[in-house]
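See structure below.
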There are 2 protein chains.
Amino acid sequence: MASYSLLYFNGRGRAEIIRLLFTLKGQDFEDKRVTHETWPAEKPKTPFGQMPVLTIDGKVYTESLAIAKFLAKEFGFYGSTNQEEYEIDQITGMCNDLFTEMVREFFEQDKERKANMTQNLKEKTKPRFVGNLEKILSAKGKGYCIGETLSLGDLVLYDTLDGRVADDIIDKYPNVKAVMNNVRSNDRIKAYLAARVPTPM
Amino acid sequence: MASYSLLYFNGRGRAEIIRLLFTLKGQDFEDKRVTHETWPAEKPKTPFGQMPVLTIDGKVYTESLAIAKFLAKEFGFYGSTNQEEYEIDQITGMCNDLFTEMVREFFEQDKERKANMTQNLKEKTKPRFVGNLEKILSAKGKGYCIGETLSLGDLVLYDTLDGRVADDIIDKYPNVKAVMNNVRSNDRIKAYLAARVPTPM
């Protein structure tokens, strides 16, 4: 059986989707978390000075979404046709676009600019984004990105919205909410979330 | 046979990778380009007010990288194993990160900030990025992202660097240069590039 070790900061960030995939599969992995103090010592040991890094039986993988897709396929959470993979990739791409905007806002140093970005995200980008997801999901109507079981798409959607987009926005969109609930109510995910220590981002 | 229609601005941007995939396959497609004058009329007809949009036999596809992967798989340019797909996704992800940075710089309005971003891209981000690609490619050593034929990974790498990263940077990295040359010297791509009208971004 393969052995997995994940290296990332002590936060959700770009690694949580990988942790959620392991959790959903029930696959043990080493969840190695570096602090901002220990990162300078770890950094030169990573291929490109970036995290997350996943090591599978000694082989090193980088780029969070590429890793997520690789694992999702290994674990059977990536559909079974090219069309289904596309539908997961579409939602993953949309979520990644929003996440990138949120990261920019999080790290913005200029106070005025940051305030504008925060307002824009809250009033425009996030509601529009969730509305777009709803359009896609309502055509499916089952509370899943594809079929009637959890896939990478549902996990990415959940992780992107959870704690980052206000409930009063999500509450307006029943199909998005249904996906959130289907992820949250999975026994393995539920146990993981209950034990998860809250971290910023 | 499927009919394909691509909608995008008259530029490379986030659609060129799709055009290159059609070109490499030798697959006809409608290359519908909107101007900044005609876009307001087209926008409400798109699913999310964004481009590129690809229509395949009347079915609408969004999110450029999701579309690219879908087509690459249909056309046989996405490897043949999950590991090969990962290796293509890894390079695609790295290229997308750089492209996103370049787009931010391109649209930055604040003059001082833009100048800093330009300098940072030129002196740090781009050389580091190409150096990272070289590390990955030199372990393969064949001038291709996977195997010994062109794939989505090679096209993405080519399109990200072509005209956007200075030749004197690329010249330092023989394996990156070999991929660039392998893309450029493909007969179909060569003919396409020779006929392509230069556009900003």
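Suppose the filter is among the acidic types (Asp, Glu), closer than 26 Å to B:Arg128 by Cα and either more than 16 Å from the chain's Cα centre (by Cα) or within 9 Å of chain A (Cβ to nearest Cβ) (or both); does B:Glu108 pass it? Taking the combined requirement at face value, the residue satisfies it. Considering only residues in region B:31-48 that are surrounded by 13 or more Cβ atoms within 10 Å (Cβ to Cβ) and closer than 15 Å to B:Phe9 by Cα, the one that is nearest to the other protein chains (Cβ to nearest Cβ) turns out to be B:Thr46. Summed over region B:50-100, residues that are crowded, with 19+ Cβ neighbours inside 10 Å, of a type outside the set (S, T, N, Q), part of a helix (DSSP H, G or I) and facing another protein chain (nearest Cβ under 8 Å) total 10.
Condition check ((1) closer than 24 Å to B:Ala72 by Cβ; (2) of a type outside the set (S, T, N, Q)) across all residues:
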position: B:Met102; (1), (2): yes, yes
position: B:Gln109; (1), (2): no, no
position: B:Asn116; (1), (2): no, no
position: B:Lys124; (1), (2): no, yes
position: B:Leu133; (1), (2): yes, yes
position: B:Tyr144; (1), (2): yes, yes
position: B:Tyr158; (1), (2): yes, yes
position: B:Asp162; (1), (2): yes, yes
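For region B:9-49, a residue qualifies if it is touching a helix residue (DSSP H, G or I) at 6+ places or on another chain (Cβ under 8 Å) and in a strand (DSSP E or B), and the qualifying residues are B:Phe9, B:Asp31, B:Val34. Of note, A:Leu150 satisfies the criterion of being modelled with pLDDT of 95 or more and either outside any helix (DSSP H, G or I) or within 11 Å of chain B (Cβ to nearest Cβ) (or both).
When B:Lys126, B:Lys172 are screened for being assigned to a helix (DSSP H, G or I), farther than 14 Å from B:Glu87 by Cβ and in contact (Cβ under 8 Å) with a residue 24 or more places away in the chain, only B:Lys126 passes.
The values are calculated or read from the model by the stated rules, or taken from the named source; none is laboratory data. These numbers were taken from a predicted model, which means no experiment stands behind them. A quick note on method: Cβ atoms are made from the backbone with ideal geometry, for glycine too, and the neighbour counts reach across all protein chains shown.
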